[in-house]
Amino acid sequence: MREVELGSLIDRVRGSRSDPLDRVEWAVALAGTMNVVADHLIRHFVAEARGDGLSWTQIGDRLGVSKQAVRKRFVPDADLGIFARYDESARHVVVLARDYARNLRDPAIGTEGG
């Protein structure tokens, strides 16, 4: 398995930014992206475990949380509101965008380029 090493991340940030405050901002954005990817990695395997017939209780026990906690985190909202008409893939993209915006402390997501 390829592990992410702190030293290589530090080198990546240093190599892309010269201003110390730009480095802090870039490091926060990079860490946020990693958090989003990590969360989706976990979601993938939780969904796979559910598909294999494992219960919420079994998954929660393995994660060290209650059945209710694991369901609250990993079950899609019952009320999808305006997103109900979209397929799972489109909703996934919106969730990624929302999480990315939150990590950047941006109050909104949109279609315009950065």
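Consider Lys72 against the criteria (1) basic (Lys, Arg); (2) open to solvent by 90 Å² or more (accessible area, probe 1.4 Å); (3) touching a helix residue (DSSP H, G or I) at 6+ places or on another chain (Cβ under 9 Å): it satisfies all of them except one. Which criterion is unmet?
So Lys72 meets the others, but not (3).
Would you tally the residues in segment 83-114 being at pLDDT below 75, under 30 Å from Glu25 (Cβ atoms) and acidic (Asp, Glu)?
1
Among the residues of segment 71-82, is any in a loop (DSSP other than H, G, I, E, B), modelled with pLDDT under 80, β-branched (Val, Ile, Thr) and within 19 Å of the chain's Cα centre (by Cα)?
Yes: segment 71-82 contains one or more residues that are in a loop (DSSP other than H, G, I, E, B), modelled with pLDDT under 80, β-branched (Val, Ile, Thr) and within 19 Å of the chain's Cα centre (by Cα).
Could you grab me the full set of residues in segment 18-56 that are open to solvent by 50 Å² or more (accessible area, probe 1.4 Å) and part of a loop (DSSP other than H, G, I, E, B)?
Ser18, Asp19, Asp52, Gly53, Leu54
Looking only at segment 1-17, filter to residues that are farther than 22 Å from Leu96 by Cα and of a type in the set (A, V, I, L, M, F, W, C); which one of those is surrounded by the most Cβ atoms within 10 Å (Cβ to Cβ)?
Ranking the candidates gives Val13 first.
The values are calculated or read from the model by the stated rules, or taken from the named source; none is laboratory data. Source: prediction; values computed, not measured. Cβ: placed from backbone, ideal geometry, glycine included. Neighbour counts: every protein chain shown. Calculation scope for accessible area: heavy atoms of the full protein, side chains included, ligands and nucleic acids excluded. Shrake-Rupley method; radii C 1.70, N 1.55, O 1.52, S 1.80 Å.
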